[in-house]
Amino acid sequence: HRGESLVVAGEYESPAVHAVAHRLNSLLGNVGQTVTFAEAPETDDMPTVTDSLRQLAADMAAGRVDTLIMIGTNPVYDAPADLNFAQNLQKVRLKVHMSLYVEETSRLCDWHLPETHYLEQWSDARAFDGTVSIIQPLIEPLFEGKSPHELLAVLTGSPRTGHDVVRAYWQKARPGADFERFWVKALNDGIVEGTAFAEVQPTAGKGSQAQARGLDTAQTARQSTAAPAAGRGQPPADSAGLEIVFRPDPSIYDGRFANNGWLQELPKPITKLTWDNAVLLSPALAEKLGVSNEDEVELQYQGRKVKGPAWVVPGHADGCVTVHLGYGRETSGRVANGAGFNAYAIRTADSPWSGGALQVRKTGKKIGLACTQGHWSLEGRTHVRAGTLAQFRENPEFAHEVEAAEHPPANLYPEYDYRGENAWGMSIDMTACLGCNACVVACQAENNVPVVGKVEVIRQREMHWLRIDRYFTGDLVNPEVLHQPMLCQHCEKAPCEVVCPVAATVHSDEGLNEMVYNRCVGTRYCSNNCPYKVRRFNFLEYAREKKESPSLKLLNNPDVTVRDRGVMEKCTYCVQRISAARIAAKEEDRPIREGEIVTACQAACPTQAIVFGNINDPNSEVAKRKKLPLNYAVLGELNVRPRTTYLAGLKNPNPELESET
């Protein structure tokens, strides 16, 4: 596929690997087609160790720093451990810290200044292609915070509002009589025209060509800072010869989102852990060290130690352990305190992302972890179906080979007639789903789903209406990972409806399995009868603080009921959005249009794996998907006829590469 393909190198790969990727894209004619180059803008990416930070630490240690102002950063927590930032900071006469929270750095400073959230302030920013956008506040500051622009304006002797600072900069950058028109247009359009970087056509220099032709193995290994690729099957190293790999956490990143309860309770894509980080290691290495899940281990690295719970992950490389950053927070708010261990405590400036000579010692203690999925093997079951493109071309119906025999038409459930009405349904493409969890958080935000905390998650009382089930298939050394979004299937013959003694679970005229909260008495019969286990029981009044705190009240979606304790909750296909579209259509005396209703999970999906619509409309996208040969129903053999169906996953591996693994 010359000119239509794309070769991508991982962000942690060595310069040699990136040179090879660029060379391949050039040879394939992808440059200018699928690949374009521009001058690299400054980015607010994950923190990196710089020479300036080293110099600052040295200057503080020598007493050469009189006043230090830190804005939007937390170096006492996340600076490399070997820089001794907290100790050196004590030698500074005046220390000022501006941040969203009173953090680890704040408690060692003379002044703490409350910073505005980026949604509360004026600013500007560049996209990766260079395009500038004027950031406009969505709300007035809730807690009288100040923006970095306003602080710097005061320090330079010309105090102004953030709006005036940003406007003055652009007035100087775009002088002329038509500035007011330019300013209004930039605010209206969201971008500043003509600010994108011009495309460049780089040519490979001799050094990069030499790298692309291939460096010797030893040199490549020395340059690489990434972990060994999972599934290579290398023999496990002794404890004293292990490699440690540091990575940002999939949910809270480098710790900047640690006080977000939604993200703390969001299950990690692979481990399904919440509220904690862990020492991740392979099954073979765990057996070698005599370690199992939740065993506390001590990591000794570069003369420093930290303790954390172990978690065994199929497919993890044998010669290393992985730790996620962002946990072990102190004085950063009630949400983050006490969650996980601080991996920054052993991270050094020379090896910020990986290093060798790690020692792992089992302490004999246990640390309880909150995991939302205890069984991770398909065990021969077929609720997740996937195959290759070659398999599909040979047999387009391969996804249905596991279907049970034809069921008899007779059943005890009533038949529903949706002729002339809307009949809502959903299709989820397993090929497109990445397991990224965006839909899970979107559903939680849209539907006022509460956070329950680590203790309740351990009791299996998490409240997510939508979850991502993760399964491994194949061997433990190099398994394939499969992700499947699982929500209320809105069954046509719903087992939950017939067992409710108070008619709280009912079937709507448009095919939704609805919950009437003020009827529910909490028998939980519906949950017991649900084969998909997608119903949640509100054991405690988790939303009490939302009701009492003026600011947290703003967190609630006013279109969705905030449930008290003692009721069943589940996905409603965002019925509030369906109702809003129905009202708008009725006012205009027309039917609901295709695509007019977009569920929260569908809107958040970055790969458009989720499609929702009227299955009675043969021209709707969801109806077209359900006619595809890849369409199948999870547990279809139960004959509950779910309205949510899936497209079997497809991959297109190179047969030669497959035969080598």
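Each residue of the range 390-395 in turn: what ³J(HN,Hα) in whole Hz from Karplus with 6.51, -1.76, 1.60 and θ = phi - 60°, glycine and Pro shown as x?
5, 5, 5, 5, 6, 8
Please work through the chain and write down the cysteines that have no neighbouring cysteine Cβ at a distance under 4.7 Å.
Cys109, Cys320, Cys371, Cys433, Cys436, Cys443, Cys491, Cys500, Cys520, Cys530, Cys574, Cys605
Of all accessible surface on the chain at a 1.4 Å probe, what whole percent is carbon and sulfur?
Answer for the chain: carbon and sulfur cover 52 percent of the accessible area.
For an R0 of 56 angstrom, estimate the FRET efficiency from the Cβ-Cβ distance between Lys307 and Ala168 and round to the nearest 0.05.
0.60
How large is the accessible surface of Trp183 in square angstrom, using a 1.4 angstrom probe and rounding to the nearest 10?
Here the accessible area works out near 10 Å².
So what's the Cα pair-distance distribution over the range 73-185, bin width 10 Å, in %?
12, 33, 31, 18, 6, 1
Would you please give the FRET efficiency between Thr203 and Val8, computed as 1/(1 + (r/R0)^6) with r the Cβ-Cβ distance and R0 = 22 Å, to the nearest 0.05?
Taking R0 as 22 Å, the efficiency between Thr203 and Val8 is 0.60.
With a 1.4 Å probe and all protein chains in place, put Asp82, Asp559, Asp295 in order of accessible area, largest first.
Asp559, Asp82, Asp295
In Å², and per residue, what accessible area does the chain have when probed at 1.4 Å with the other protein chains present?
Counting only protein heavy atoms, the per-residue value for the chain is 51 Å².
Which percent, to the nearest 5, of DSSP beta bridges fully inside the chain are antiparallel?
The antiparallel fraction comes to roughly 60 percent.
For the chain, what is the charge dipole size about the Cα centre, in debye to the nearest 20, if Lys and Arg each add +1 at the Cβ and Asp and Glu each add -1 at the Cβ?
1180 debye
For a quick check: with amide H placed at 1.01 Å from N, whose amide H comes under 5 Å from Glu298's, ignoring anything fewer than 5 positions away on the same chain?
Arg361, Lys362, Thr363
At a Cα cut-off below 18 Å, give the aspartates and glutamates reachable from Lys268, other chains included and same-chain residues fewer than 8 away excluded.
Qualifying aspartates and glutamates at Cα under 18 Å: Asp249, Asp254, Asp276, Glu294, Glu456, Glu462, Asp469, Glu480.
Tell me, how many Å apart are the Cα centres for the range 609-657 and for the range 576-607?
Computed from Cα coordinates, the inter-centre distance equals 21 Å.
Using helices alone, what [θ] at 222 nm do you get for the chain, with -39,500 (n - 2.57) per DSSP H run of 4 or more residues, divided over all residues and rounded to the nearest 500?
It comes out at -6000 deg cm²/dmol, rounded to the nearest 500.
Just to check I understand the Karplus step: with θ = phi - 60° and J = 6.51 cos²θ - 1.76 cosθ + 1.60, what whole-Hz values come out for the range 422-433, glycine and proline as x?
Result, rounded to whole Hz: 7, 10, 7, x, 9, 10, 10, 8, 6, 5, 7, 5.
Ordered by residue, what ³J(HN,Hα) values in Hz, to whole numbers, does the range 456-462 give under the Karplus form 6.51 cos²θ - 1.76 cosθ + 1.60, where θ = phi - 60° and Gly and Pro are x?
Residue by residue, the range 456-462 yields 6, 5, 4, 7, 6, 10, 4 Hz.
Could you check what % of the DSSP bridge pairs in the range 70-153 are antiparallel, to the nearest 5?
35 percent
The values are calculated or read from the model by the stated rules, or taken from the named source; none is laboratory data. Computed from a predicted structure; not experimentally measured. Please note: Cβ atoms are built from the backbone with ideal geometry, for glycine as well, and neighbour counts cover all protein chains shown. SASA here: full protein model, heavy atoms, side chains in, ligands and nucleic acids out. Shrake-Rupley method; radii C 1.70, N 1.55, O 1.52, S 1.80 Å.
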